[in-house]
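Report on the following structure.
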Amino acid sequence: MAMLPLILHWFFIEWYSGKKSSSALFQHITASIECGVAAIVTLLVSEPMGSLHIRSCKVLMLSDWYTMLYNPSPDYVTTIHCTHEAVYPLYTIVFIYYAFCLVLMMLLRPLLVKKIACGLGKSDRFKSIYAALYFFPILTVLQAVGGGLLYYAFPYIIIVLSLVTLVVYLSASEVETFKDLLVRKKRLIVLFSHWLLHAYGIISISKLNNVYQDLPLLALVPAPALFYLLTAKYTEPSRILSEGANGR
């Protein structure tokens with residue numbers, strides 16, 4: 001859940017920044033700093049205070065995330081539902097983290113974006129901030145309702161989102177060959193960032209229980225990007241339509 005805001009920040013920054021934006025890279029860095037600082041502050045204010053460690057309860061089953069649904073013990077005469085956090089603080093710490101992310105974004109991002117947008121004359125750069133004001137409440141509701149499901153499914157969500165955002169970025173940037181990818185350093189930085197997320201998802205699924213068996217799976221990280229670059233020129237919709245028209 002801590003990775004999702006960063007992925008969504010990167011996605012909407014690329015979506016609204018344009019193909020030739022020189023501010024997108026700075027926005028990417030700023031979003032990374034926001035999420036990183038928010039994560040550190042969240043850990044510092046959690047138990048034990050002032051430490052980067054977390055004292056948490058062990059998760060045994062999915063129902064541990066939904067204690068309000070527990071039935072009372074037969075010994076109780078009255079119906080009392082348990083509302084304590086059995087997975088403390090794994091459930092509430094996400095809300096604290098989102099709050100810090102939102103505060104830091106509102107303090108840092110507008111100043112940077114405004115300065116760059118004024119220089120370039122493109123005020124629509126604020127749209128990535130407006131998008132965050134929408135997806136943060138959505139993520140909060142998802143965590144509140146489906147925190148347990150997300151706890152077990154987040155590695156797969158990370159992998160899917162990293163693939164989708166990478167394809168959208170390469171398509172929006174009109175990257176079709178390795179040469180197009182190497183022309184601008186920003187493209188390589190975005191590519192490596194997505195690879196790190198993809199590797200994180202693979203490690204989360206395998207947990208590296210068997211290092212010699214699971215570690216080679218990381219070789220699959222660049223496979224989607226390489227496949228896209230090798231096949232993009234053959235699957236371009238405009239080219240297919242033009243060749244179809246010429247064939248008729």
- Message: What is the distance in Å between the Cα centroid of the stretch 187-221 and that of the stretch 43-62?
- Response: 26
- Distance-filtered residues of the stretch 137-167 - backbone nitrogen under 18 Å, label point 7 angstrom along residue 130 Cα→Cβ: 137-138
- Task: Using a 1.4 Å probe and ignoring any ligands, DNA or RNA, find the accessible area of residue 1 and quote it in Å² to the nearest 10.
- Result: 40
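The values are calculated or read from the model by the stated rules, or taken from the named source; none is laboratory data. Quantities reported herein were computed from a predicted structural model and do not represent experimental measurements. Positions of Cβ are backbone-derived with ideal geometry, glycine not excepted, and every protein chain shown enters the neighbour counts. The accessibility values were calculated without ligands, DNA or RNA, using every heavy atom of the protein model including side chains. Shrake-Rupley method; radii C 1.70, N 1.55, O 1.52, S 1.80 Å.
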